[in-house]
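Just below is one structure, and these are the notes that go with it.
The values are calculated or read from the model by the stated rules, or taken from the named source; none is laboratory data. Given the structure is predicted, the values throughout are model-derived calculations rather than measurements. Please note: Cβ atoms are built from the backbone with ideal geometry, for glycine as well, and neighbour counts cover all protein chains shown. With ligands, DNA and RNA removed, areas are computed over all heavy atoms of the protein, side chains included. Shrake-Rupley method; radii C 1.70, N 1.55, O 1.52, S 1.80 Å.
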Amino acid sequence: MKPRLQHVLGLPRRLLAQPPTLPGPLSRRAPELSRCRAFNTSVPRRVSPAEGRGGGNQRTAAATAKRVSGPASPRRAVAAAGLAGLVSALALLHLSSTSPTSFDSPASAVASAFSAAAAAHSDPDPGPVFTKSPSGPSSTAADNRDPDLPRFRISEVRKHGADSDNPWVIHEDKVYDITDWVPAHPGGQVILRAAGGSIDPYWNIFSIHKNQYVYDILAQYLIGYIDQADLIDGLPAQDEIEDPFADDPQRDPSLITKTAKPRNAETPGEALSSQFLTPNELFYVRNHMWVPTIDEPAADKYVLTVELVDGTTKQYTLQDLKSRFPSHTITAVLQCSGNRRKHMTQGSGRSTNGLQWTAGAISNATWEGVLLSDVLADAGFEVSEALSGESEAKHVHFAGLEAYAASIPIKKAVDPQGDVLLAYSMNGQPLPRDHGYPLRSIVPGHVAARSVKWLNQITLSDEESTSQWQRKDYKCFGPNETKVDWDAAPAIQELPVQSAITEVKTGGWTKAARNDAQGQADETAQKVTLGGYAYSGGGRSIIRVDVSIDSGKSWSQAYLLPDCIGKDGSPSPCQGHGAWSWKRWRFDTAVPLGTFQEPEKVGSSEQVGSGEVESPPAATRGNKKCTTVMVKATDDTYNTQPESHAATWNLRGNLATAWHRIQVCVDCSSAPAPSSASDQGAPKNKNDG
């Protein structure tokens, strides 16, 4: 049986398969549509967790039926026929833009699909009951807009927010009643974020909405215009338009911001190297949309809904989870699939679609929560059947308050050694808002896209989530494939082996012993200390990190820090059944003067100081010479990293795991002259007098 709750671009198959003429008025479908709500989004007010999923924005079926009736119109039939085409086109639009925000904010596709779905299932004539424009000092002489439609002051629109019976939105200078939009499709509630104000700032963020097809759909809900008195140059004043990100949390200024709205930011290199557990405030941030706001005093009443394959549901408050189930703690890395995407772009010489992360879209933390399998069992799911492969459920869907959704295979969800958590604590503290407060899933060993934040819905299904983020985003294709069939590739789950250099220190010139054909001699060399991380998915441990200081001509092994060994009798900080955390490594060496050469061209490898690791003071002055240092890791199944990004390039820039290369540059003009064996004189025979 298909899950009743589908998410985001995961439109229910029955909607995608609708015939051109829909069966009967919406009023007869209202009860079903009410059941089909996938989630409630956060809205521009402080949400009480006691109100359940998303803050009580659900409208009753009776209210919907009262407002909407009558057979499907020809315009609705056309919209229904075009729905499947729009959904298919979303992925292509998503890939055709050159904007990093549009590529790595797949939520940009959400409302477009919602718009089509709404058009296919709602009456195009909302039947506005407002026939008089509000009074005001507007100049009617300058108003050349349709005189048959009323004018509304912005103060009147604000009365029709997310909690009103008739939510309105503004687009440019027009007012739309979206009452029929919301119940017509489960994802439609995302639009409530803009209710009572302008939808334009959301469409500016997610620019995929800016196409004529979406404008035509929205036009069906037009009820009037903004009064001239509230317009400046034909549009509402900027101070009248809500910023969707106004309530986002403050962030540490040390984070390396890639996009501000929504916030996406890397952990700085020094934090990646200096501490085994990444401090909460420096943990990398990956947001697709705004950060939901939850009342902290009432957080224990926050509701999680679990739906089984047969459609039965059970709800748990956060306090239920904490009090009724044993707590578990694991230490686990979260890594974005786009980590090191910039390295792939530079190393392959080909552009990639998405945020250009360097090596900081990864962090490590301890997570406390309850086992997903325990909660599923309590909700009535037969875990034993899933373990034996006999269950009808094959996937577990996660959905968050802000509309994000993804899924994992059922075998991972119920694996007694899989350690999948419903987490409420991070590094011994409540989850920060940026990281899912008050509840999130943690799927260790898998791509972080499956660890859904602000979790409020779990659904069991016989198929994977049909959301945009599951079906048409986090996947890889061949380096020759630029026009892809998204259904032909599986979604990324477990991660491959990865490593990176996050710290480079030079320690000045020294004399290092060298053996050559003429005997032993001292040569001038630069002291260099390298550090970084290595990680492999699926619970596989790192067994070796190889380092080259001469562009791959020779290799040595780095020292793996014993972070998982408890100190002074304390337990190991690495908790869980798998090697879910990273390995930090160090490598101390002396690079011979002759190894330093002219700098490579930009793009072939990073130069120290290009934004990932701090530049040594001498690297930018005098007689600058460089050497390329490389790192690669091997896990306990002897998987290792590919040599080049060109071989693994894919249009989305996912899983950029090739050898990490950095140019280490020094001022060679200050190097002492080298010495040779002949300079030191031949050693004397002790028998010679």
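Name the single residue that is surrounded by the most Cβ atoms within 10 Å (Cβ to Cβ) among those in segment 476-493 being small (G, A, S) and over 20 Å from L355 (Cβ atoms). The qualifying residue surrounded by the most Cβ atoms within 10 Å (Cβ to Cβ) is A489. A500 satisfies every condition listed in (1) among the aliphatic types (A, V, I, L, M); (2) buried (at least 19 other Cβ atoms within 10 Å of the Cβ); (3) over 30 Å from G531 (Cβ atoms) except (3). Does segment 375-387 contain any residue that is touching a residue at least 12 places away in the same chain (Cβ under 8 Å), in contact with a Phe, Trp or Tyr (Cβ under 6 Å, 6 or more places away or on another chain) and surrounded by fewer than 17 Cβ atoms within 10 Å (Cβ to Cβ)? Checked against the condition, which is being touching a residue at least 12 places away in the same chain (Cβ under 8 Å), in contact with a Phe, Trp or Tyr (Cβ under 6 Å, 6 or more places away or on another chain) and surrounded by fewer than 17 Cβ atoms within 10 Å (Cβ to Cβ), segment 375-387 yields no hits at all.
Restrict the check to segment 497-508 and report whether at least one residue is on the phi > 0 side of the Ramachandran plot, touching a Gly at 6+ places or on another chain (Cβ under 8 Å), hydrophobic (A, V, I, L, M, F, W, C) and modelled with pLDDT of 95 or more. No: segment 497-508 contains no residue that is on the phi > 0 side of the Ramachandran plot, touching a Gly at 6+ places or on another chain (Cβ under 8 Å), hydrophobic (A, V, I, L, M, F, W, C) and modelled with pLDDT of 95 or more. Of the residues making up segment 128-146, one or more are among the acidic types (D, E), at pLDDT 90 or above and either closer than 28 Å to E402 by Cβ or surrounded by fewer than 24 Cβ atoms within 10 Å (Cβ to Cβ) (or both). For first residues located in segment 221-236 and over 11 Å from K174 (Cβ atoms) and of a type in the set (D, E, K, R), partners that are open to solvent by 20 Å² or more (accessible area, probe 1.4 Å) and part of a helix (DSSP H, G or I) and lie 6+ apart or on another chain with Cβ distances below 9 Å form the pairs D227/E156; D230/S155; D230/E240. Restricting to segment 445-475, and then to whatever is open to solvent by 10 Å² or more (accessible area, probe 1.4 Å) and part of a loop (DSSP other than H, G, I, E, B), can you tell me which residue is nearest to S363 (Cα to Cα)? Applying the filter and picking the extreme gives K453. Inside segment 378-405, residues that are in contact with a Gly (Cβ under 9 Å, 6 or more places away or on another chain) and assigned to a strand (DSSP E or B) make up a count of 3.
Of everything listed in (1) within 16 Å of the chain's Cα centre (by Cα); (2) open to solvent by less than 10 Å² (accessible area, probe 1.4 Å), the single unmet condition for R433 is (2).
Beta carbons closer than 7 Å, at least 6 apart along the sequence or on distinct chains, pair a first residue in segment 327-349 that is under 18 Å from V447 (Cβ atoms) with a second that is among the charged types (D, E, K, R) for I330/D419; C336/R286; G338/D104.
Taking the listed residues G380, G354, G389, the one that is modelled with pLDDT under 95 and over 30 Å from V484 (Cβ atoms) is G389, with no other qualifying.
Looking across segment 318-369, the residues that are of a type in the set (V, I, T) and either touching a Gly at 6+ places or on another chain (Cβ under 9 Å) or open to solvent by 40 Å² or more (accessible area, probe 1.4 Å) (or both) come down to T329, I330, T331, V333, T345, T352, T358, T366. Taking strands (runs of 3 or more DSSP E) as the structural unit, those lying wholly within segment 576-689 and holding at least 1 residues that are modelled with pLDDT of 95 or more and of a type in the set (F, W, Y) correspond to 583-592. Within segment 283-301, restricting attention to residues that are touching a Ser or Thr at 6+ places or on another chain (Cβ under 6 Å) and closer than 19 Å to N364 by Cβ, the residue that is surrounded by the most Cβ atoms within 10 Å (Cβ to Cβ) is Y284. Kindly provide the set of residues from segment 305-352 that are at positive phi and small (G, A, S), ordered by number. If the condition is that a residue be at positive phi and small (G, A, S), then G311, G349 are the ones that fit. Listed conditions (1) more than 20 Å from the chain's Cα centre (by Cα); (2) touching a residue at least 40 places away in the same chain (Cβ under 8 Å) are all met by N480, apart from (2).
Of the set (1) outside any loop (DSSP other than H, G, I, E, B); (2) open to solvent by 40 Å² or more (accessible area, probe 1.4 Å); (3) at pLDDT 95 or above, all apply to K511 but (3). Suppose we keep only residues that are open to solvent by less than 10 Å² (accessible area, probe 1.4 Å) and under 13 Å from the mean Cα position of the chain (by Cα) within segment 240-282. Which one would you say is nearest to L530 (Cα to Cα)? Out of the qualifying residues, it is E266.
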